[in-house]
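Beneath this line is the structure, given in structure tokens, with notes to follow.
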Amino acid sequence: MNRGRFAPSPTGELHAGSLVAAIASWLDAKATQGEWWVRIEDVDGPRCMDGAAASILQQLACCGLHSQGEVAYQSHRHLRYQEALDQLIAKDLVYPCACTRKEIEDQQAALGLSLARHQAAVYPGTCRHGLNGKDARAWRFNVAKFSALRGTAVVDWHDRRLGAQSQNVLEDVGDFVLKRADGLWAYQLAVVVDDAAQGITHVVRGEDLADNTARQYLLQEALGFEHPHYLHTHLVLGANGEKLSKQNGAKALDLSSPQAVRRALQSAASALGLSNFAAIADGSTSLEDTLTFWTQEWSKKYTPVSH
Ligand SMILES: [Zn+2]
């Protein structure tokens, strides 16, 4: 049984961009008669908005999308993440890091590492060999050590839309954080632990997250988990050409009437390159039949893969 998931962060209500990710993951699961689960990624508590998770579930229901498994909340799963970190500590694949952001920037500047836009410069591995008497702030995954064990820092993976992908995690990312200095779990660890715990076989999400996949591959290997299949969808761009997000002014979806729901679904489907299903616009086709129509289209576009 294939199992896909939609994993929104409850930083606000769904907008046009997040509906695309929801629909894509739903269609992909249904294309193989698989299950579709919802997971609320509220691991970064301070960024979450009260009531947003409930609103998101309500919005999904309006669009005919219902989680088949119990909705999971990352904020309830600290023990699972701690267990995973403990496993990695036992394998000596992680280390505590005492560096402040300022110290890391100074080290990077001294090494001539520059900071590309939207991209953090590589952590230079300062604490890999000890804290020099300083207090631990964060935990980092030892990419250097794990790469040596597996024979290479290069992760080759396949994306069902983008094709062959490759990243040298040591050179492009460096030893990445699993538990942050503020005590919060990093996205990479939480996602990998949850996908494995929930038996997720197919990950379908926005292209902005594709860059995380190589890191997640390494963590899956280090924790003895299987790799899910990956497909990263087109992004919906805002007026400024950047990914549509609440931060750049994306409005909550208007789902106030059956017509509004149909309009929202139409535009999500067209963002995914699915055909404009005329019958949905005039309301002569049910939501269910419309989703079935797009499921068939999805199967033609992206060959279903079984686990
Ligand atoms: Zn450090």
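The values are calculated or read from the model by the stated rules, or taken from the named source; none is laboratory data. Since we're looking at a predicted model, the values are computed, not measured. Using ideal geometry, Cβ is built from the backbone for each residue, glycine included, and neighbour counts are taken over all protein chains shown.
Considering Leu60, Leu65, which residue is touching a helix residue (DSSP H, G or I) at 6+ places or on another chain (Cβ under 7 Å), at pLDDT 95 or above and in a loop (DSSP other than H, G, I, E, B)? First the steps, then the outcome.
Numbers: Leu60 fails: in a loop (DSSP other than H, G, I, E, B).
None of the others qualify; the one that does is Leu65.
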Task: Failed condition for Gln33, given (1) crowded, with 19+ Cβ neighbours inside 10 Å; (2) modelled with pLDDT under 95; (3) over 15 Å from Leu265 (Cα atoms) - done: (1)
Task: All positions within the range 8-36 that are within 17 Å of Gln58 (Cβ to Cβ) and not in a helix (DSSP H, G or I) - done: Pro8, Ser9, Pro10, Thr11, Gly12, Glu13, Leu14, His15, Trp36
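What strands (runs of 3 or more DSSP E), lying completely within the range 129-189, carry at least 1 residues that are in contact (Cβ under 8 Å) with a residue 60 or more places away in the chain and of a type outside the set (Gly, Ala, Ser)? Quick ask: steps written out before the conclusion?
Working: elements: 138-141, 154-159, 163-168, 177-179.
Fully inside the range 129-189 and qualifying: 138-141, 154-159, 177-179.
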- [ ] Could you please let me know if Leu265 is surrounded by 12 or more Cβ atoms within 10 Å (Cβ to Cβ), at pLDDT 90 or above, in a loop (DSSP other than H, G, I, E, B) and of a type in the set (A, V, I, L, M)?
- [x] no
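Results for (1) over 22 Å from Ala197 (Cα atoms); (2) among the polar types (S, T, N, Q); (3) free of Cβ contacts under 8 Å to residues at least 60 places away in the same chain; (4) surrounded by fewer than 20 Cβ atoms within 10 Å (Cβ to Cβ), shown as yes or no for each residue.
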residue	(1), (2), (3), (4)
Ser9	no, yes, yes, no
Gly17	yes, no, no, no
Ala29	no, no, no, no
Glu41	no, no, no, no
Cys63	yes, no, no, no
Glu70	no, no, yes, yes
- [ ] Identify all residues within the range 96-122 that are at pLDDT 95 or above and either more than 14 Å from the ligand (Cβ to nearest atom) or touching a helix residue (DSSP H, G or I) at 6+ places or on another chain (Cβ under 6 Å) (or both); write none if there are none.
- [x] Cys97
TODO: For His202, work out the one condition from (1) over 30 Å from Thr290 (Cα atoms); (2) at pLDDT 95 or above it doesn't fulfil.
DONE: (1)
